[in-house]
Amino acid sequence: AGVGTDYKRSPYERFGAAPRAGVGLALVGASLAAGYLVAPAQAIGISANLAYQELRVQGLDAATFRLISSDPEHLSDQGRDGRPGIGFTLSWLGALGPQLTGGLSYRSKTWTQRYKEYAGLFPDRGRVDLPAIYGAGLSWEFTPHWAAAFEYQRIEHGEERAFGNRFERVLGGEPLGAKQGPGFGWINQDVYKFGLSHRLSEQLTLRAGYARASANIPPAQTLLSALAPSFLRRHYTFGATWAWRPEWEVSGYAAVAPRMDLPGEGSIPPLLGGGDANLGGRQFFLGLSFGRRWSD
């Protein structure tokens, strides 16, 4: 998984940065999982989540940002820096009725080693721990061919310094890269997901989904968030699975997050000349997977 931006016209060019800017965060993970059936149709699970993250930042190596960094030589444009991480997940899945299934899950934060090449950008000398996520869900198979699902998730962006620390900390004497230095300034987020599945035949299943999230980027925190503008709050998904043989299937989906604008409100501090950084965008998603079944 990952997130990335690539600006051919940098939003930080006005501060003296290079014309091109962006960030890339790639994550590869493996879960060592175990499940236990504690009662009929009631199961608990636990997993150790092993991760490897790779980070690249470019376009922030301007004199203006170097002045507010604790380590200007490790602020930006240092190439790719990869670090391992670890976390865990706890979960429960069980039947609540003849057609009703419930689930609970808690995924801890991912503790990650410091990015030494970006020690002058992220808090605590390059610490970027992924936030914890927890939630609950229900699935209702109201006919043999139709099922509906609802899920709630809480993403704790605000509990991690790299994501939650507000940019104006720099005005209080905490430079970029300091232990409590500025981050993206995001807040904790609630996500609500709705899904509908219809088994049209033994070979074809159709699906649709809708997700709605609370705001995670305050208007005053849009300056650094332009590097990773993850502010879109709703998306629509359509997908299908086709089993052309009993043991083979292919699944695909398409999704769209409609256009949204996030105007800044005093997001550029007077120290950097004042003003606002305004965000806007839309997203499109496509996915395709193949599956092979060896037994029932």
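The values are calculated or read from the model by the stated rules, or taken from the named source; none is laboratory data. These figures come from a predicted structure and were not determined experimentally. Cβ: placed from backbone, ideal geometry, glycine included. Neighbour counts: every protein chain shown. Remember, those area values only see protein heavy atoms, side chains included, never the ligands or the DNA or RNA. Shrake-Rupley method; radii C 1.70, N 1.55, O 1.52, S 1.80 Å.
Annotations
- Some residue of segment 211-231 being over 25 Å from the mean Cα position of the chain (by Cα), surrounded by 14 or more Cβ atoms within 10 Å (Cβ to Cβ) and under 30 Å from residue 141 (Cα atoms): no
- Scanning segment 103-161 for residues that are touching a Ser or Thr at 6+ places or on another chain (Cβ under 9 Å) and basic (Lys, Arg), we see that the one that is farthest from residue 57 (Cα to Cα) is 107.
- Annotation: of all residues in segment 150-169 being of a type in the set (A, V, I, L, M, F, W, C) and either open to solvent by 70 Å² or more (accessible area, probe 1.4 Å) or in a strand (DSSP E or B) (or both), the one that is farthest from residue 111 (Cα to Cα) is 150.
- Residue match in segment 127-147 (condition: open to solvent by 20 Å² or more (accessible area, probe 1.4 Å), in contact (Cβ under 8 Å) with a residue 60 or more places away in the chain and within 24 Å of residue 24 (Cβ to Cβ)): yes
- Condition broken by residue 172, with the remaining ones in (1) at pLDDT below 95; (2) open to solvent by less than 20 Å² (accessible area, probe 1.4 Å) satisfied: (2)
- Those residues of segment 253-285 which are in a strand (DSSP E or B) and open to solvent by 30 Å² or more (accessible area, probe 1.4 Å), in sequence order: 253, 254, 256, 258, 259, 260, 261, 280, 282, 283, 284, 285
- Residue 27 falls short on exactly one of the conditions (1) at pLDDT below 95; (2) closer than 25 Å to residue 116 by Cβ; (3) open to solvent by less than 40 Å² (accessible area, probe 1.4 Å), and that condition is (3).
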